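Everything on this sheet refers to the single structure shown next.
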Amino acid sequence: MTNVLVCIKRVPDSSGEVLLTDDQQGVDGRYVGFTVSNHESCAVELAVQTAEATGGTVTLLTVGPSEAAEQLRDTLALGCHAAVLVEAEPTGLGPADVAREIAHVVREKDAAGTTYDLILLGNDAADSGDFQVGIRLAHALGRPVVNGVSTVEVADGHLTARGDGPEGEETYSLPLPAVATLLEGGVEPRYPTLKGRMAAKKVEIETRALSAEPAGANRVRLLLPPPAPSTVEVLGEGPEAAGAVADLFAKLGVTR
């Protein structure tokens, strides 16, 4: 039996017009719908397949606003069994914050008797492009991790993951428990059934608060320095400028 935890994120639907916030540092989602990324959809499909093949379970987890419960419900309808929402405003949350919160949930669940043999994430966030969470999470938990793979299979206490490499397909074998980040394309995500949607409505989403103050909220944002002032000196016009140009070249040392 393999229990799988899949981490998803509420992101703006990129099929419509995407606007940036006033500071140009994020996506303004007021005028668009929300969804999960294609990477994460594939991670969910592989998690459901793994659970079905091993008699295990699939738990969803997201760190985000209360509205992210909508994405959890939609994803539960695909065959997942439980969901955890760590409520937090996404503004100011960095990859280290998200990884810390996921690790906190995993440790508490493990202490209570629920162990996640496999944790799946999308390879990178569809809105911010962050691709650090999986690595940071694995480091925090002391688990092996493989990034950017397309398929995963579980057998005999090991994870077999496959993905494209510089010279073709590459295969990785990791002992469980493990962490993997998925790219889209290796599997076709399923569509929710009416039965699945009805079952998803009955699932009680476990809601938690942040375990610690976000470090990302105090990050110093790097800004480009103002351009250095420059001056322009007109050496002359036409043939009359030849002498001044020759003197300048000699001063710069580009002529002998």
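Take every pair of alpha-carbon atoms less than 8 Å apart whose residues are at least six positions apart; their mean separation over the length of the chain yields a relative contact order of 23 percent. Charging the Cβ of each Asp and Glu at -1 and of each Lys and Arg at +1, and nothing else, the dipole of the chain about its Cα centre rounds to 700 debye.
Full extension of the chain between S230 and H81 yields a length gain of 47.3 nm, computed as 0.36 nm times the residue separation minus the alpha carbon distance.
Counting charges near C42 (Lys, Arg +1; Asp, Glu -1) among other residues having Cβ under 12 Å from its Cβ returns a value of -3. Taking label positions 7 Å along the Cα-Cβ direction at both E89 and E213, the computed distance is 1.5 nm, reported to one decimal.
Using C-alpha pairs below 8 Å separated by at least 6 residues, the relative contact order for region 155-208 is 23 percent. Subtracting the Cα-Cα distance of K201 and H104 from their residue separation scaled by 0.36 nm leaves 32.3 nm. Across region 18-158, Cα pairs under 8 Å and at least six residues apart give a relative contact order of 23 percent. Centre-to-centre separation between the Cα atoms of region 55-94 and those of region 100-174: 17 Å. At full extension, E70 and A53 could sit 3.4 nm farther apart than now, given 0.36 nm per residue minus the alpha carbon distance.
Pick out the long, greasy-scoring helices in the chain: whole DSSP H runs spanning 20 Å or more along their own axis by Cα, mean Kyte-Doolittle at least -1.0. The qualifying helices are 38-54, 95-111. Largest mean-square fluctuation among A96, A242, A88, in a Gaussian network model of the chain whose springs join Cα atoms under 10 Å apart, belongs to A242.
So which GluC sites (Glu not before Pro) in region 88-175 pass both tests, a DSSP loop state and at most 13 other Cβ atoms within 10 Å of the Cβ?
Values: sites: E101, E108, E153, E167, E169, E170; in loops: E167.
When the GluC sites (Glu not before Pro) of region 88-175 are filtered for loop state and at most 13 Cβ neighbours within 10 Å, E167 remain.
Here, each number is a calculation from the coordinates, and none is a lab measurement. Note that this is a predicted model, so its numbers are computed, not measured. Reconstructed Cβ throughout: ideal geometry from the backbone, glycine too, with neighbour counts over all protein chains shown.
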